[in-house]
Each structure stands twice: as structure tokens, then as C-alpha cells.
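Derivation of every value follows stated rules applied to the coordinates shown; laboratory data play no part. Here the structure is a predicted model, which means the values were calculated and not measured. Every residue, glycine as well, gets a Cβ built from its backbone with ideal geometry; the counts of neighbours run over all protein chains shown.
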Amino acid sequence: MRGHQIVTIARYTLLEATRIRLWWLFALILAIACGAAWFVQQVAITESTRIQIAFLAATVRLAAVFVLSLHVLTSIVREFNDKGLELMLSFDLRRGDYVLGRLLGFFGVALVIALLATLPQCVLAPPVTALQWGLSLACELTIMAALSLFCIMTFTQLMPAASFVLGFYLLTRTLTAIRLIGAEPTTGNDALSHQIMSWGMEGLALVLPAFDRYTQSAWLIDNNAAEWSVSAIWAAQALLYTILLGAATMFDFHRRNL
Amino acid sequence: MSARDERPLSAIPRGVWLMLVATFGIQLVWQALQPKPVASATALDAPLSPAALRVMAGGEPAALAGLLTLYLQAFDNQPGISIPFRHLDYRRVIQWLTVILELDPRTQYPLFNAAQLYAQVPDPARERMMLDFIHTEFLRNPNLRWRWLAHACLVAKHRLHDNALALKYARDIALLAPAAPDWAKQMHIFILEDMGEIESAKILLGGLLAGGQIQDAHEIHFLMERLKAMENAENSAPTSKN
């Protein structure tokens, strides 16, 4: 019975994405990105294919994260506004099951988006490398879907939730570079302020996933994706982080008085 | 959300507690076990073509030129590592500076960097490359860029001790940059003097004074004194020899 409820919620989450034409929207964005990448390739004098792949992969990655996160946030906000959540919870449905169902549905959306995003990469780059890139993107998107759900459940409003998601994503993409800069500052590395900042950055690195190692355009450009075993480790890390975010969402949702 | 909107912690199922604490703990251990990031120097890539950069600039080439200048300027300071200028690939640096000047021909910034940063390395070959770049760019717009060639002239004379190169630069300023101030246009005279070419220096200085190009009374007085000193030096030179 419980499993059936979870699957139903997941199915309706996927159905919602279809009804609002999310796939078409993302396909349109993909087409625009492909057109822009082709234009960049035409403009480049040398290494034109390299530039085209890099441009397309980086743009599509960002677009996928943006579209998915915004979809998760607006979907839940719509449910809040329509009082659909209250209606659903008035039935014999556990809060945890609702979160699980929603999470699974959004993971499905993330997988479809990752699949669509990988198709043009398969044309331009070696298919096996493109597949690894696509799997990495899927891992990244599942984390972002879980994070977006956690944020909107916690903040309940679009603006703070979207700001948090954006800040989180930017920080995870740049944290390694920030840590390196902080480790070797040009001046004042003995100052207390520097020590505190450095500890803070190291602490953040413990809590955040290292997105700068995921879904790199360089894999496609130079056909040098990591070993499958390494990809499996990152997938395990993504799974762990997704469960953590799911647990945090359930924790917060259980405490809420509706 | 106020505290009254929240249910007590005891309302949270034990399984959720367990999952949250366990996954958080594993995440911390996992990340702590990851190797620390290691800084590695990245080589400076070749810039895109000016045409491509113009497209990317979206109608703001001067703004993009400024950003590229800052990028290049900061390239020696990569995350976690500081690269001495002398370890940079100067051919690439010159490509970047050229592209930036093509994007924004009015900017002086790349020439400032060339003269004040990249030409200051203790490596004569690299210094010469940068001086040559400054000279090439001077020839494209002498009236706007004479000051950087004047600086290059001083670097050639005092750091490289190459008076011939300094003279070449100083002569180009005098010949090609009418908008340059008189002191810059007179540099070649004093370089000739330093080189022992007193006769040539005298002719040039005399021509400058006779040509009426100099209007300032103090400057005319100074140059006259200088001309006299040259003549005295020339007259006294054979005497001392005897």
C-alpha cells in the first residue's frame, strides 16, 4: 500500500512535467544551445570542434541544472498555493512517503533531462565518453533536485529557496578553487582572520559535494573521462548526498504544522 | 516560520532521525577521506581571434578588452600558486596583449602592463620581446602610444645597456610622434651624446633650436646651455689628448 502511494506520487510528478511541456522547453533550450555552439564553431579559426563541444557541454549543463531546479521549486510552490499538499495529507498518507514519492518523481525528471542533454554530446564526442558525461550529469541533477525540494520545503517561498539553490550550486562549483586560494594567500597567511576563513572553507568542503569534479566538458573535448570505477564512486557519493538531503527534507517536513 | 508552527522533535519518526544522522556522518567521513586539492600551474592558452572575441563582446569590445586585461594580469596568480612572470610564455602573453589592443585600440592598459610588468623581468630575451612588442604597437598609433616607447627607450638604455636600440626607439618618437612633448622628441639627442656621437647630437640640437619648434624660453635656455657644453667638450677633447 505504502509503496503504491509513493509510486503514484512519483508518477504524477512525472505527469506534471509532461503536462507543463517541460521536455519541449528543455528541447528548445537544447536546440538554441546547439545553434549557438555551431555559431561559435564557425567563428573559431582553430580548434573549432573543441570549442564547439566545450561551449555546448558547459551551456547544456548549466541549463539542465537551471531548468530542473526551477521546475522543482515552482512545482512545490504551486502545490502550496493550490492547497494540494493539505488535501493530500488529509488522506491516509505518511509525510515521509509524500517526500519519497516527490523525490522519486523529480529523480525521474532529472534522468529524462540528463538523457536529453546527452544526446547532442553523443553526436559530437565519442559515445562512451558522452555516456559517462551524461551519467555524471544525472548524478549532479539528482542532487540538485533533492536540494531544491529540501529548500522549498524549508523556506516555503520561491525567492529564498531559489537564492539558496543558486548560492549552493555556485559554491560547490568553485569551492576547490577557493580552498586552493585560501591555502596559499599572497599576503597575511598567519592572520587570525585568514585561519578562520580557511577552517570555514575546509568545513564547507566536508559538507558539500564537489561538483567541480562532476560533468566536466574536458572529458568530452579530450576524450579522457575518468575510469568507470571512479564514476561509480561519484555515483555512490551522489546517492549518499541525495539520501542525506532527503532525510533533511523529511526531518523538516515532519516538524511542520500544516 | 515561527516556533509555534513547528511540531516537537519527538514528532519526527526514529527512522528519519537515524537516516539523517547516519548519512551526515558518512558524508563527513567520506569528504574527510578525499585527498586535499593540489595546486597546479596552468599554461596560458592562446587567445581567441579578435573577430571571435568581438562576437563574444556583444557590442562592448572595450569592456571585454578590460576583462581580458584583468584576466591576463591575474594569470600569474592562479588558485594556490603564484607563477613568476619570467615563467610565463611571453609569445602567448604578447598574443593576448595584441588581441586586447585590437579590441580596444584606445586603451593604454596592455602597453602599461607590457612596459611596467612584463618588461621588468630579469631576463634580457624576454625584456627585448616586450620592448619589440611596444615598438610594433607604437608604429600603429605613434601619437597615442609614444610614452610607452619612451619608457622602452629608457629600459633599453639603462637595463639592457643597448644604446643602439634606445636610439632607434628615440628616433622613431622624434620622427613619427609629432604629438609627443619636446623632452620625448629630444631623447635621441642625449642618447647620441651618451654614445659619444657629439657631432650628430650637436647638429640635431642646433636644428631643433633653429627650426623654432621649441617655444618655451626656459627650455631654449637649457638646450642652448647643453649645446655650449657639447661644443666645449668637443673643443677640450683634442687639447686633453695633446
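Counting pairs of Cα atoms in the protein assembly as shown, how many percent are more than 36 Å apart?
Tail of P(r) above 36 Å: 52 percent of Cα pairs.
Percentage of Cα-Cα pair distances in the range B:45-165 greater than 23 Å, rounded to whole percent?
That fraction is 31 percent.
With a 10 Å Cβ neighbour count serving as the proxy for reagent exposure, in which order, fewest first, do A:SER136, A:SER148, A:SER231 appear?
A:SER231, A:SER136, A:SER148
In a GNM of chain A with a 10 Å cut-off on Cα contacts, which of A:PHE91, A:PHE164, A:PHE211 has the highest mean-square fluctuation?
A:PHE91
I'd like the chymotrypsin sites (Phe, Trp or Tyr not before Pro) in the range A:97-141 restricted to DSSP loop residues with at most 14 other Cβ atoms within 10 Å, sorted by number. Numbers along the way, then the final one.
Details: sites: A:TYR98, A:PHE106, A:PHE107, A:TRP133; in loops: none.
When the chymotrypsin sites (Phe, Trp or Tyr not before Pro) of the range A:97-141 are filtered for loop state and at most 14 Cβ neighbours within 10 Å, nothing remains.
If you project the alpha carbons of the range A:12-103 onto the principal axes, what extent comes out on each, in Å, largest first?
Cα spread of the range A:12-103 along its principal axes, largest to smallest: 64, 21, 17 Å.
Counting alpha carbon pairs within less than 8 Å and at least 6 residues apart, what relative contact order, in whole percent, applies to chain A?
Working: 269 pairs, mean separation 67.3, N = 258.
In percent, rounded to a whole number, it is 26.
In terms of modelled amide H atoms, which long-range or inter-chain residues lie less than 5 Å from the amide H of A:ARG256?
Result for A:ARG256 returns B:ARG7.
In the range A:143-184, what is the volume of the convex hull around the alpha carbon atoms, normalised per residue and reported in Å³?
Per residue, the Cα convex hull of the range A:143-184 comes to 65 Å³.
Mind checking A:232-244 for the average number of partner chain beta-carbons within 10 Å of each residue's beta-carbon?
If you average over the peptide's residues, the count of other-chain Cβ atoms is 3.
Given bins 5 angstrom wide, list per bin the percent of all Cα-Cα distances in the range A:105-258, short to long.
With 5 Å bins starting at 0, P(r) equals 2, 9, 14, 17, 18, 15, 11, 9, 4, 2, 0.
Summarise the partner chain shielding of B:9-22 as one whole number: the mean count of Cβ atoms from other chains within 10 Å of each residue's Cβ. Spell out each step's value before the answer.
Working: counts 3, 0, 5, 8, 6, 0, 3, 12, 4, 1, 8, 10, 3, 4.
So the per-residue partner count for this stretch is 5.
In what sequence do B:HIS158, A:HIS194, B:HIS218 fall when counting other Cβ within 10 Å, fewest first?
B:HIS218, B:HIS158, A:HIS194
In Å and whole numbers, how far do the C-alpha atoms of the range A:2-255 stretch along each principal axis, longest first?
So the three principal-axis extents are 61, 51, 35 Å.
Mind sorting A:THR13, A:THR18, B:THR107 by how few other Cβ atoms lie within 10 Å of their own Cβ, fewest first?
A:THR18, B:THR107, A:THR13
Taking only Cα atoms of the range A:50-195, what ratio of Rg to Rh do you get with Rh as the Kirkwood inverse-distance radius?
Dividing the radius of gyration by the Kirkwood radius yields 1.10.
Counting only helical runs of four or more DSSP H residues, what would the 222 nm mean residue ellipticity of the protein assembly as shown come to if each run contributes -39,500 (n - 2.57) and the total is spread over all its residues?
Mean residue ellipticity, 222 nm, calculated: -25000 deg cm²/dmol.
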